[in-house]
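Chemist: Would you mind keeping the following structure in view while I ask a few things?
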Amino acid sequence: QVQLVESGGGLVQPGHSLRLSCTASGIVFPIYAMGWYRQAPGKQRELVAGITISRVTNYLDSVKGRFTISRDNAKSTVYLQMNTLEPEDTAVYYCKASLGRQEYWGQGTQVTVSS
């Protein structure tokens, strides 16, 4: 059974940082591309950051320079370091594992940026 479990979300003030983690089980983690998505109320889910099996990364324009995605294949975990958070970053954050047409999603973790 495939499971992706996110953690690290919470309430944080603007300008502060959070690190999200997503640990996978039931898949051969190193051969999956990984991504972090987010969905704010009333908005579509959007890709925030992705990392390939060769560690090539891509980012949503609005988070470039503030967010960093990384992976630890030995721990089957992908991270999203989020710095200088803004209220507009408030959303439920999801991780996704992709291999060809196979896709697996986590359950999401809430990030709220508010003073």
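The values are calculated or read from the model by the stated rules, or taken from the named source; none is laboratory data. Everything numeric in this text was worked out from a predicted model, so none of it was measured. Please note: Cβ atoms are built from the backbone with ideal geometry, for glycine as well, and neighbour counts cover all protein chains shown. These area figures cover heavy atoms from the full protein model, side chains too; ligands, DNA and RNA do not enter into them. Shrake-Rupley method; radii C 1.70, N 1.55, O 1.52, S 1.80 Å.
Chemist: Got at least one residue in segment 97-109 being open to solvent by 30 Å² or more (accessible area, probe 1.4 Å), touching a Pro at 6+ places or on another chain (Cβ under 9 Å) and modelled with pLDDT of 95 or more?
Modeler: Scanning segment 97-109 turns up no residue that is open to solvent by 30 Å² or more (accessible area, probe 1.4 Å), touching a Pro at 6+ places or on another chain (Cβ under 9 Å) and modelled with pLDDT of 95 or more.
Chemist: Right, another one. Do the conditions hold for residue 18, that is, is it under 12 Å from the mean Cα position of the chain (by Cα), surrounded by 12 or more Cβ atoms within 10 Å (Cβ to Cβ) and within 15 Å of residue 112 (Cα to Cα)? Before the answer, list the steps.
Modeler: On the way: under 12 Å from the mean Cα position of the chain (by Cα): yes; surrounded by 12 or more Cβ atoms within 10 Å (Cβ to Cβ): yes; within 15 Å of residue 112 (Cα to Cα): yes.
Yes; evaluated as a whole, the condition is true for this residue.
Chemist: Tell me, yes or no, whether segment 80-97 has at least one residue that is touching a Cys at 6+ places or on another chain (Cβ under 6 Å) and in a loop (DSSP other than H, G, I, E, B).
Modeler: no
Chemist: What is the residue count in segment 47-79 for residues that are part of a loop (DSSP other than H, G, I, E, B) and either charged (D, E, K, R) or surrounded by 14 or more Cβ atoms within 10 Å (Cβ to Cβ) (or both)?
Modeler: Qualifying residue count, segment 47-79: 7.
Chemist: Tell me which residues, restricted to segment 30-46, are in a strand (DSSP E or B) and open to solvent by 50 Å² or more (accessible area, probe 1.4 Å).
Modeler: 39, 46
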